[in-house]
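Novice: Okay, handing you the structure first.
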Amino acid sequence: MAYYDYKARNSRGELLQGTLEGADQAAVASYLLGTGATPIDIRPSSNESGAAPASLLERLMSPPVTSLDVQLFSRQMHTMLRANVPIMQGLKGLEDSASNKSFARVLRSLRAALDAGRELSAAMRDHPKVFSQYYVSMVQVGEMTGRLGAIFPRLHDYLQLDRRMQEQIKAALRYPKFVVFAIVGAIGVVSAFVIPQFAKIFMKANFELPFMTRMLIAASSFTLNYWQLMLAAAAAAAYLFRRWTGGKDGRYAWDKQKLKLPIAGPIILKGTMARFARSYALAEESGVPISRALSVVARTVDNAYIASAVEQMRDGVERGESLLRTATTTGVFMPRVLQMIGVGEETGEIGRLMSEIADMYEEDVEYELKTLVARIEPILIFFIGILVLILALGVFVPMWDMGQVQTRRVH
């Protein structure tokens, strides 16, 4: 399929021009005739994407698209669809008024794809860094059910909650990150400048050094002589880890292990349960069938281990089993979630109950994030104490011994 620039006249004689995707010029002409327009000129497009290309400097200078841009876009799309504004006209207005030039280019690409006869969800799928799998899936559900206008406000609320949680995580980890960087920096300074100077003094003293002092001097010497090798090894380890977790098996194993981490594990699990419940409630309220809703939810939990469990639930439901039984069989869902699923199936209000469980877990995660610093602080103090103890045993004890030897020599 290729892109073609066209000019045509409608039944009122008005000039129409744009870009369409088609097998050849004849296919584009046939499409235009089918819409009641008379083709005037059809020629291959100079830009395969159907949108005006951006210069390299423009792409570098433009800020990246943020979740706030997508959140605002969701609200604006709901307002326009509610006012019965044609989607092409609405996207054009949003493109012209967009303050983020990068997002304006995305909107221009969406318009070009729609102009070529593609669906909005298919056009969004071409921008995975802007629109998540869940976002695209829910837009596709709205297109299938004819409730696209009702999908966007729910996506707006979903993005708002997700962004608030991300901001809380960053705020909670700001202090621990600062302390860890300070510790690493202090170790680097001591290894590079302090210990080598003490080592020279100890060598001149000509007496047997304690084990801890010998270890510190050896570690300092190794760091100074092989720091390039250490950096290369750290970079290689980070690359291999990212590559391993980027694969299907590696990501599954790491996502499963993350749930078992001390302190962070329970928070991650509750956050994932909240995302699962919120996503399922949103799909349920949109009129999506259970099996389809579970397929959509599996793409948004952001944990391959939990996503696999959701897919098992979908397979069980398709076999005719109850949602509660399939959820219990997976062994990953918390008791409160299972209880709400069971009550929801009995009362037929599973969407409302899942929304309530999402609210509850989001409150739990918010509280635990606020208290995260208080729980991490004793661990940080413990490691700082160990560092001070090692320095004291390795540096100050031999200095004390040297002083004692000198005193005995004088007497």
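The values are calculated or read from the model by the stated rules, or taken from the named source; none is laboratory data. None of the values given here were measured: they were computed from a predicted structure. So basically every Cβ, Gly included, is an ideal-geometry build from the backbone, and we count neighbours across all protein chains shown.
Novice: So the check is Cβ under 8 Å with 6+ separation or different chains; which pairs have a first residue in region 213-229 that's touching a residue at least 12 places away in the same chain (Cβ under 8 Å) and a second one that's of a type in the set (S, T, N, Q) and surrounded by 13 or more Cβ atoms within 10 Å (Cβ to Cβ)?
Specialist: Note: pairs meeting the criteria are A219/S191; S220/S191; T223/S191; L224/S191.
Novice: Among the residues of region 251-274, are any more than 18 Å from the chain's Cα centre (by Cα), part of a helix (DSSP H, G or I) and in contact (Cβ under 8 Å) with a residue 40 or more places away in the chain?
Specialist: yes
Novice: Find all pairs meeting these conditions: Cβ atoms under 6 angstrom apart; at least six residues apart or on different chains; first residue within region 6-19 and in contact (Cβ under 8 Å) with a residue 60 or more places away in the chain; second residue surrounded by 14 or more Cβ atoms within 10 Å (Cβ to Cβ) and in a strand (DSSP E or B).
Specialist: T19/Y3; T19/D5
Novice: In addition: Under 7 Å between Cβ atoms, at least 6 apart or on separate chains: pull out the pairs that start in region 360-372 with a residue that is aromatic (F, W, Y) and end on any residue that is part of a helix (DSSP H, G or I).
Specialist: Y361/K270; Y361/M273; Y361/A274; Y361/A277
Novice: Next question, about the same structure. Within region 179-212, restricting attention to residues that are free of Cβ contacts under 8 Å to residues at least 40 places away in the same chain and surrounded by 13 or more Cβ atoms within 10 Å (Cβ to Cβ), which residue is nearest to F382 (Cα to Cα)?
Specialist: If we take residues in region 179-212 being free of Cβ contacts under 8 Å to residues at least 40 places away in the same chain and surrounded by 13 or more Cβ atoms within 10 Å (Cβ to Cβ), then S191 is nearest to F382 (Cα to Cα).
Novice: Which one is modelled with the highest pLDDT, of the residues in region 367-378 that are surrounded by 15 or more Cβ atoms within 10 Å (Cβ to Cβ) and within 22 Å of the chain's Cα centre (by Cα)?
Specialist: Top of the filtered list is E368.
Novice: Sticking with this one: Take E167 and decide whether it is free of Cβ contacts under 8 Å to residues at least 24 places away in the same chain and either in contact with a Cys (Cβ under 8 Å, 6 or more places away or on another chain) or within 30 Å of P63 (Cβ to Cβ) (or both). So that I can check it myself, show each step before the final result.
Specialist: Numbers: free of Cβ contacts under 8 Å to residues at least 24 places away in the same chain: yes; either in contact with a Cys (Cβ under 8 Å, 6 or more places away or on another chain) or within 30 Å of P63 (Cβ to Cβ) (or both): yes.
For E167, the condition - free of Cβ contacts under 8 Å to residues at least 24 places away in the same chain and either in contact with a Cys (Cβ under 8 Å, 6 or more places away or on another chain) or within 30 Å of P63 (Cβ to Cβ) (or both) - is met.
Novice: What number of residues in region 31-41 are assigned to a helix (DSSP H, G or I), loosely packed, with under 13 Cβ neighbours inside 10 Å and within 44 Å of the chain's Cα centre (by Cα)?
Specialist: Pass one, region 31-41, residues assigned to a helix (DSSP H, G or I): 31-34.
Remaining after also requiring loosely packed, with under 13 Cβ neighbours inside 10 Å: 33-34.
Filter once more, so that each one left must be within 44 Å of the chain's Cα centre (by Cα): 34.
Selection size over region 31-41: 1.
Novice: Return only the number of the condition from (1) of a type outside the set (S, T, N, Q); (2) out of contact with any Lys or Arg (no Cβ under 9 Å at 6 or more places or on another chain); (3) surrounded by 19 or more Cβ atoms within 10 Å (Cβ to Cβ); (4) at pLDDT 85 or above that R111 does not satisfy.
Specialist: With respect to (1) of a type outside the set (S, T, N, Q); (2) out of contact with any Lys or Arg (no Cβ under 9 Å at 6 or more places or on another chain); (3) surrounded by 19 or more Cβ atoms within 10 Å (Cβ to Cβ); (4) at pLDDT 85 or above, R111 is out only on (2).
Novice: Now for a different question. Got at least one residue in region 286-303 being outside any helix (DSSP H, G or I), closer than 20 Å to L159 by Cα and at pLDDT 85 or above?
Specialist: Yes.
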